[in-house]
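Asks: Can you keep this structure in mind? I'll have questions shortly.
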Amino acid sequence: WRYEKAMKEIIKEHEGRVVKTIGDAIMGDFNSAVNAVKAALEIQNLLKKEDIKIRIGIHLGDVIHKGGDIFGDGVNIASRIESICEPGHILISEDVYNQVKGKIRAGFENLGNRPLKNIESPPRVYKLK
């Protein structure tokens, strides 16, 4: 995939770690919600120039690190948020929103609580503008 290397570099530049690639998807892990959102915005801006539209979902939660991979509700919720995202957009959970509001230059649209497959309590989701 032509932009995989560039996306991985953006993740690393924002103090993230590339956990793995799954087909044409990349899973990143960040210690900072702000850095995760900044990386996502930079990736979308890079790809927008080439008219490539990807979906990005971000959630803040506990994960289990095992064998170079990550597991847990935090990963599952991020994945489910990505699955309801429209191509070319970034969706974040309310937990992420609470960490990044006022700290990054972006607008936010409150999409309300969204039911997610196999997630008992639907999280409030925001779309970055």
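Asks: Ranking request for peptides 52-62, 116-126: highest mean number of other beta-carbon atoms within 10 Å first, then the rest in descending order.
Replies: The packing order, highest mean first, is 52-62, 116-126.
Asks: How large, in percent, is the carbon and sulfur part of the accessible surface of the chain at a probe radius of 1.4 Å?
Replies: It is 44 percent, rounded to a whole number.
Asks: If you don't mind, there's one more thing I want to ask. Starting from the Cα of LYS48, draw a straight line to each of the lysines and keep only those under 17 Å, dropping any in the same chain fewer than 8 residues away.
Replies: Filter leaves LYS5, LYS8, LYS38, LYS127, LYS129.
Asks: Skip the ligands, DNA and RNA, and give the accessible area per residue of the chain with a 1.4 Å probe, whole Å².
Replies: 61 Å²
The values are calculated or read from the model by the stated rules, or taken from the named source; none is laboratory data. The model shown is predicted, which means the values in this text are computed figures rather than measured ones. Here Cβ is always computed from backbone atoms with ideal geometry, including for glycine, and neighbour counts include all displayed protein chains. These area figures cover heavy atoms from the full protein model, side chains too; ligands, DNA and RNA do not enter into them. Shrake-Rupley method; radii C 1.70, N 1.55, O 1.52, S 1.80 Å.
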